[in-house]
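Taking it in order: structure first as structure tokens, then the write-up.
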Amino acid sequence: MAQENTALADRAKRARRIVKNPTLYKVCLGCESIVSAKVHICPNCHAYRYELAADFVVAHAQFLSTREQNSVVAEDMN
């Protein structure tokens, strides 16, 4: 249970960073991950279509911060 709380706290911390500067991020339309605006191909699912609107990025970051991670990310593949 403590590990779950720590994971949610980490997600909330990342969401706050994204909400402060949403133009530095975008939402992948393939896997719904929030990635750096600098990437061209999603590091998680290798998609290349994104939603760039700052209000969408903020809303999605707030949504993701309230639930546990359930997607596979690049670090899981190692």
Inset, instruction - Using the structure shown, decide if residue 9 is more than 12 Å from the chain's Cα centre (by Cα) and aliphatic (A, V, I, L, M). - result: yes
Among residues of region 1-17 being among the aliphatic types (A, V, I, L, M) and closer than 13 Å to residue 64 by Cα, the residue modelled with the lowest pLDDT is 7
Residues of region 18-46 being at pLDDT 95 or above, in contact with a Leu (Cβ under 9 Å, 6 or more places away or on another chain), surrounded by fewer than 17 Cβ atoms within 10 Å (Cβ to Cβ) and not β-branched (Val, Ile, Thr), in sequence order, are 36, 37, 38
For residue 50, the lone unmet condition from (1) under 11 Å from the mean Cα position of the chain (by Cα); (2) surrounded by 13 or more Cβ atoms within 10 Å (Cβ to Cβ) is (1)
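The values are calculated or read from the model by the stated rules, or taken from the named source; none is laboratory data. Worth saying up front: this structure is predicted, and the values here are computed from it rather than measured. Methodologically, a virtual Cβ is constructed for each residue, glycine included, from the backbone with ideal geometry; neighbour enumeration extends over all protein chains shown.
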